[in-house]
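First up is the structure itself, then whatever we jot down about it.
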Amino acid sequence: MSAFLFDPPRLPSVAVVGEPATYPIRRIFCVGRNYVAHAAEMGGTVDREAPWYFTKSAFSVCHSGETVPYPPGTENFHHEMELVVALGAPVFKCDIKTAAAAVFGYGCGLDMTRRDRQQDGKDNRRPWDLGKDIENGAVLAPLHKAGDVGPLAGKRIHLSVNGAVRQDADLADMVWSVPEVISHLSHYYHLGQGDLIMTGTPAGVGPVVAGDVLTGGIDGLGDIAHTLGPSE
Ligand code: MN
């Protein structure tokens, strides 16, 4: 095998509760509009024909508890609190039952968003990359193995900014269930170990500014914390 011209970047990973080894991250898929109330606050409706997606680079990951700079290129940086699903087995064109069995674990995540750049994309019929694929813009808390997590329906998902609750919903409110999303996405990708899915955000998204402290959680999946420092 040829040598690399320079040291390759270290593969991003996320901790797993109760495991000394970490979960290496390959890809991050994100579901758009998976809660009716959030779709409404964005001025849209849920597409009940099929879920749809955008992606974030694995190298956009940062970890719960970190302080990161307020990002460049936005004046309307939003929080989106989400359930994160980590895959543990290969699936391709799979049914719902096979999809459910392919889940490695779950965690809390923040799909941080340049809302102004996302709106530019919508207005000009251009991609959302500048709005969504943001350095340090995929915030991940440690994963919990699926076998340690009970049914998702009934679990509260919530986010506060500086202690004031902004987002507060139930995972039962998701339009597309986790197995439905995995099954659908598996008709476009060979999914497997290292693939994460951010499953969409409930209503209550809003702007954050330098100095803000974001704290949230999902019942049974622990907490997430994220602090925004000054811009660079
Ligand atoms: Mn999102």
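A few notes on this one:
- The residues on offer are Ala138, Ala100, Ala86, and the sole one that is away from the ligand (no atom under 16 Å from the Cβ), of a type in the set (A, V, I, L, M, F, W, C) and within 19 Å of Ile25 (Cα to Cα) is Ala86.
- Among the residues of region 157-199, just one is within 14 Å of the ligand (Cβ to nearest atom), closer than 19 Å to Ile25 by Cβ and assigned to a loop (DSSP other than H, G, I, E, B), namely Thr199.
- Look at region 200-218: where a residue is modelled with pLDDT of 95 or more and a partner is open to solvent by 50 Å² or more (accessible area, probe 1.4 Å) and within 12 Å of the ligand (Cβ to nearest atom), sitting 6+ places away or on another chain with Cβ atoms under 7 Å, you get Gly200/Arg33.
- Residues within region 12-26 that are farther than 15 Å from Lys56 by Cβ and either part of a loop (DSSP other than H, G, I, E, B) or touching an Asp or Glu at 6+ places or on another chain (Cβ under 9 Å) (or both), tallied: 7
- Scan of region 1-47 for residues that are more than 17 Å from Ala138 (Cα to Cα), among the aromatic types (Phe, Trp, Tyr) and within 16 Å of the ligand (Cβ to nearest atom), ordered by number: Tyr35
- Residues considered: His144, His184. Of these, the only one that is closer than 20 Å to Leu87 by Cα, touching a strand residue (DSSP E or B) at 6+ places or on another chain (Cβ under 8 Å) and of a type outside the set (D, E, K, R) is His144.
- Selection over region 110-129 of residues that are closer than 18 Å to Val205 by Cβ and open to solvent by 50 Å² or more (accessible area, probe 1.4 Å) gives a count of 5.
Yes/no matrix, rows are residues, columns are (1) in contact with a Phe, Trp or Tyr (Cβ under 8 Å, 6 or more places away or on another chain); (2) open to solvent by less than 10 Å² (accessible area, probe 1.4 Å):
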{"position": "Gly131", "(1), (2)": "no, yes"}
{"position": "Leu140", "(1), (2)": "no, yes"}
{"position": "Asp170", "(1), (2)": "no, no"}
{"position": "Met174", "(1), (2)": "yes, no"}
{"position": "Ile182", "(1), (2)": "no, yes"}
{"position": "Met198", "(1), (2)": "yes, yes"}
{"position": "Pro202", "(1), (2)": "yes, yes"}
{"position": "Val213", "(1), (2)": "no, no"}
{"position": "Gly216", "(1), (2)": "no, yes"}
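- Residues satisfying the stated conditions in region 1-23, i.e. open to solvent by less than 70 Å² (accessible area, probe 1.4 Å) and under 20 Å from the mean Cα position of the chain (by Cα): Pro12, Ser13, Val14, Ala15, Val16, Tyr23
- Residues of region 40-65 classified as touching a residue at least 24 places away in the same chain (Cβ under 8 Å), closer than 19 Å to Ile197 by Cα and surrounded by 13 or more Cβ atoms within 10 Å (Cβ to Cβ), total: 14
- Being outside any helix (DSSP H, G or I) and open to solvent by less than 10 Å² (accessible area, probe 1.4 Å) holds for only one residue in Phe29, Phe104, and it is Phe29.
- A residue that is closer than 19 Å to Lys145 by Cα, assigned to a strand (DSSP E or B) and within 16 Å of the ligand (Cβ to nearest atom) can be found somewhere in region 70-83.
The values are calculated or read from the model by the stated rules, or taken from the named source; none is laboratory data. Please read all numbers here as calculations on a predicted model, not as lab measurements. Cβ coordinates were reconstructed from backbone atoms using ideal geometry, including for glycine residues, and neighbour counts include every protein chain displayed. Just so you know, the surface numbers come from the protein's heavy atoms only, side chains and all, with ligands and any DNA or RNA stripped out. Shrake-Rupley method; radii C 1.70, N 1.55, O 1.52, S 1.80 Å.
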